[in-house]
């Protein structure tokens, strides 16, 4: 699978005692960073013209939202529509209208710990490129128990909140830590223990989240690994793939058990950043799935998680005027 985010490899910057200096390391990384094609700093004249045109037309029509329509976010939608300005505008407006109806201005996911028992969905540190790592595990999914403590509507509201926090908080923190722009994430979907009947029970939710990701938060998936894929996943993938656009589907890599996926993940993620369950060495206190640890929350803990507390003012404003960009599932 081709990973779209550019990996930057630089020698660690050290102090006289041999310890790494984060600020100096970020500066060294920044100096060697080259933006991928279609991003700020690497646009063709045609792409630059399309960016200027879509921004000007949105302003002229009174549809431009300062907090949402910066150049980087507009470029997400432009890339998703191959820099076709009319199609990009249509997508932007549909995303804004759709987002307003999906999540309230303030949202508190108080059932987080209970939901985590049946359907862990979480961000955990960064990969070697500086991208936030997002993990989902559906092998132990118990729909009856899950919907006893939450609902599909609240799960979707949480998804939108997480997408928005990804844009307004996680990417910003990762960019500061690495010293260069970070626009995508690496996703791990663990199917260990999943059955075809389990997937059938959750397919409506998967379809809804896939549509939200592609249509409201495009161009945020850098890499997608489906691991522990069972023999029956051929049928499951045949059902999922038609929901995905070609660009998204091309980023998905399906692999089997630990012998197959561990070297692939460790090529992308430092061993001490990868949870022990997936072949790394990280064992967060209270469990990695509830730690929300990363540059956005260095000490970890649910207090800083946007799904465990009320939305920040910035994220709430983003949901009020959604037109940003983001992964298949948050």
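The values are calculated or read from the model by the stated rules, or taken from the named source; none is laboratory data. Computed from a predicted structure; not experimentally measured. Cβ atoms come from the backbone with ideal geometry, glycine included; neighbour counts cover every protein chain shown.
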query: Looking at (1) at pLDDT 80 or above; (2) more than 28 Å from residue 94 (Cβ to Cβ); (3) not in a helix (DSSP H, G or I), which is the only condition residue 277 fails?
result: (3)
Within segment 171-240, helices (runs of 4 or more DSSP H) holding 3 or more residues that are in contact (Cβ under 8 Å) with a residue 24 or more places away in the chain, surrounded by fewer than 17 Cβ atoms within 10 Å (Cβ to Cβ) and outside the structural domain of residue 75 (by TED's automatic domain parsing): 196-216
message: Can you tell me which residue is nearest to residue 167 (Cα to Cα) among those in segment 280-310 that are under 20 Å from the mean Cα position of the chain (by Cα), at pLDDT 95 or above and part of a loop (DSSP other than H, G, I, E, B)?
response: 296
